[in-house]
Amino acid sequence: MDVELLSRLRNGNEEAFVKLVSWYQQPMLRLARSMVSSHAVAEEAVQDTWMGVVRGIDRFEGRSALKTWMFRILVNRARSAGSREHLNVPIEALHAVDPSRFDEQGHWADPVDRWTEHSDERLDAAAWVPLLKSALDDLPPRQREVVILRDVEGLSGDETCEVLGISKGNQRILLHRGRSRLREILDAEIERS
Amino acid sequence: MLSLRRKDLVCRQAVELVTAYLEDALSRRDRRRFESHLRECPNCSAYLEQIKMTIELTGAIEPEGLGPEARVDLIDLYRRWRGE
Ligand SMILES: [Zn+2]
């Protein structure tokens, strides 16, 4: 699919561009929004990215997936926009689980909830997605970037490393902390409901 | 009193291995320790289940559709970019 789309893009096929935009505008906006402090700056970064895509498509060698290549352009644009903004970086939690949940021996102090009675049951996604979205917004930026690329966009670990320019180990730590925090927030709400 | 063998994981350690486990990035030895902990620990099994459900729910976040206006703007820009 990439190959055919790519050749149409290179030929300046407008329809192919529209298709690309309709697929990736929102994912790119969401990723950019996670890296900069305002919606306007995020939109600017995405627009810059589209320009970079149109201008660079002839030089794109196809060694990575088109999506990975575009996200990498976006991350570079958003980072340079973000660094102009001097963001305060929140302190990242060091533990997957709040240490007070464990007793002195390191065992769970209280039982861990089964979110559904049977482990093969599914939670109602529509009910929890809004909470999850706002929890995602509150993650420290680097964790949020990794979680969005991995769990929302479905990139592989290697692709995510390539897009963000980080090591495998680093990617895993950020993913671990991000997912752990989202779980914690869901757990607190599910317990209350 | 229950005495822990040194090679046994406690829950506090097990939860820190969950992502590496799901990424298949644990050494064979650590993987064995982790899996044997899970077999004996319903709490950590429930925890792993919660993490998997979190991943699944995160995957259900869908981008909102692109508004027609945004699309028109971009097509205008595209024509200008190509024209330059
Ligand atoms: Zn345990």
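Assorted remarks:
- Boolean, A:Val18 is outside the structural domain of A:Arg172 (by TED's automatic domain parsing), surrounded by fewer than 19 Cβ atoms within 10 Å (Cβ to Cβ), modelled with pLDDT under 85 and assigned to a helix (DSSP H, G or I): no
- Beta carbons closer than 7 Å, at least 6 apart along the sequence or on distinct chains, pair a first residue in segment B:21-49 that is without any contact (Cβ under 8 Å) to a residue 60 or more places away in the chain and under 13 Å from B:Asp8 (Cβ atoms) with a second that is within 15 Å of the ligand (Cβ to nearest atom) and of a type in the set (Ser, Thr, Tyr) for B:Phe34/B:Tyr21; B:Leu38/B:Ser45.
- Any hit, segment A:6-14, residues being surrounded by fewer than 15 Cβ atoms within 10 Å (Cβ to Cβ), among the hydroxyl-bearing types (Ser, Thr, Tyr), outside the structural domain of A:Ile148 (by TED's automatic domain parsing) and in a helix (DSSP H, G or I): yes
The values are calculated or read from the model by the stated rules, or taken from the named source; none is laboratory data. Treat the numbers as computed from the prediction; the structure is a model and nothing was measured. Reconstructed Cβ throughout: ideal geometry from the backbone, glycine too, with neighbour counts over all protein chains shown.
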